[in-house]
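Nothing in this text is a laboratory measurement; each read-out follows from the coordinates by a stated rule. Everything numeric here is computed off the predicted structure, so don't read it as measured data. Backbone-built Cβ (ideal geometry, glycine too); neighbour counts: all protein chains shown.
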Amino acid sequence: MNYIVFDLEWNQSSSSATENDLLPFEIIEIGAVKLDAKFNIIDEYGSIVRPQIYPRLQKRIWEMLHYDEAFLKTGRHFDVVCKEFLDWCGEDFMFCSWGPLDLYYLQQNMDFYVMNPLPSPLHFYNLQDIFADIYPDLGACKLEKAVERLSIPIDQPFHSAINDARYTGLIMKHLKIKNLDDKYCVDYYNNPKTLDDEIVSRHKNYREHISREFDSKNEAMEDKVLLTLHCPKCNRRINKKIKWFSNNSTSYLCVGKCWYHGYILGKIKFKHTYDDRVFMIKKTQLISKAEMENIKQKQDQIRQKRKEKNKRHKSNNQ
């Protein structure tokens, strides 16, 4: 199997409003490197895409890139370039990227041009997250920071798709990642639509469940099966020590305890679909007692703020 490390450059509307809701970000360049099983670069791909929706570069994007609108006009249409790129990838490969957005926007552009979809569920390696696990002091940093940390020679400018793909490929080789097979992510672009489509992926230290669609967050939070916690190690159903509570507008937390493996954090994040429905991504992972106590403290603080807000509201209405 080969690893396809790819990077995209995209353009958007020059105004604050999106000119086309179906394509808010239009791909203007695809760059990729192909790595063998030992993470050596064995081939490269790069091509400019001639924009059809946003021919004028947005100011911030123009400042980052190393070409202009005149150069973009030398490119080919997206569907031609994308088909060529996917043919170049071959049959036995795994996508890798610096963050999840490139794969998301690739599929969004493919949908816009009515191309055949990528297989689903689609697994890939998010090298930004993998790097953050190894270097937690930098966290989910920009590509430039990671290159600097690993002392990789900077001989080409960043914000060129092929250059960024090369740098990302070199990072993958430098990291010498252990247990890579366990570090895959599931792409959410083609999210599950029905109960039968729901995705459960089990990893060494965490479990991820991607739900079907619901009309609202409230409807999803009434599904007792989805709110059940399972130990990511032994898959046993576990009791909650801290019940689900709203952490912010899009996420919920809870904590359970497995008698064999200790405290388990449950985290729910909600994602919106194009037709304003929602689906949840539920992740369960092992945590320490100290982390459990921090979450309990966070819950108490949120409750206290809610009480104070309600008290002020009642006072203002009197």
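Computed quantities for the displayed model
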{"quantity": "Loop-resident sites, the stretch 213-314, for GluC sites (Glu not before Pro), counting at most 11 other Cβ within 10 Å (DSSP)", "calculated": "Glu222"}
{"quantity": "Listed pairs Lys257/Lys311; Lys178/Lys269; Lys224/Lys314; Lys73/Lys193; Lys142/Lys309 exceeding 30 Å between Cα atoms", "calculated": "Lys257/Lys311; Lys224/Lys314; Lys73/Lys193; Lys142/Lys309"}
{"quantity": "For peptides 70-78, 88-96, 125-133, sequence by mean Cβ density within 10 Å, most packed first", "calculated": "125-133, 88-96, 70-78"}
{"quantity": "Crossing angle, helix 101-112 versus the chain [Cα axis fit, 0-90 degrees, rounded to tens]", "calculated": "70"}
{"quantity": "Cα-derived Rg to Rh of the chain, Kirkwood definition", "calculated": "1.01"}
{"quantity": "Karplus (6.51, -1.76, 1.60) ³J(HN,Hα), θ = phi - 60°, over the stretch 166-174, in Hz, Gly and Pro reported as x", "calculated": "4, 4, 5, x, 5, 4, 4, 5, 5"}
{"quantity": "Shape parameters for the stretch 183-243, alpha-carbon atoms, Rg then Dmax in Å", "calculated": "12.7, 34"}
{"quantity": "For the stretch 192-305, alpha-carbon Rg relative to the globular expectation (2.2 N^0.38 Å, N residues)", "calculated": "1.06"}
{"quantity": "If the convex hull is drawn through the Cα atoms of the stretch 1-46, its volume per residue in Å³", "calculated": "79"}
{"quantity": "Cα shape, the stretch 2-183, gyration tensor, a/c 1.5 rule", "calculated": "prolate"}
{"quantity": "Global size of the stretch 165-217 as Cα Rg and Dmax, reported in angstrom", "calculated": "15.6, 45"}
{"quantity": "Sparse-neighbourhood loop sites, trypsin sites (Lys or Arg not before Pro) in the stretch 211-249 - DSSP loop, at most 14 other Cβ within 10 angstrom", "calculated": "Arg236"}
{"quantity": "Beta bridges per DSSP with both ends in the chain, % antiparallel, nearest 5", "calculated": "85"}
{"quantity": "Cα→Cβ-extended label distance, 7 Å offset, between Ile199 and Gln52, nm", "calculated": "2.7"}
{"quantity": "The chain: angle of helix 78-89 to the longest principal axis, Cα-based, in degrees nearest 10", "calculated": "80"}
{"quantity": "Cα→Cβ-extended label distance, 7 Å offset, between Cys141 and Ser13, nm", "calculated": "3.6"}
{"quantity": "Extreme residue, positive dipole direction of the chain, given options Asn11, Ile177, Leu106 (C-beta unit charges)", "calculated": "Ile177"}
{"quantity": "Separation of the Met64 and Asn235 label points, Cα + 7 Å toward Cβ, nm", "calculated": "4.1"}
{"quantity": "Förster radius 30 Å - calculated FRET efficiency between Asn20 and Ile134 (Cβ-Cβ, nearest 0.05)", "calculated": "0.15"}
{"quantity": "Amide H within-cut-off set for Asn247, under 5 Å, with H built and near neighbours excluded", "calculated": "Tyr252, Leu253"}
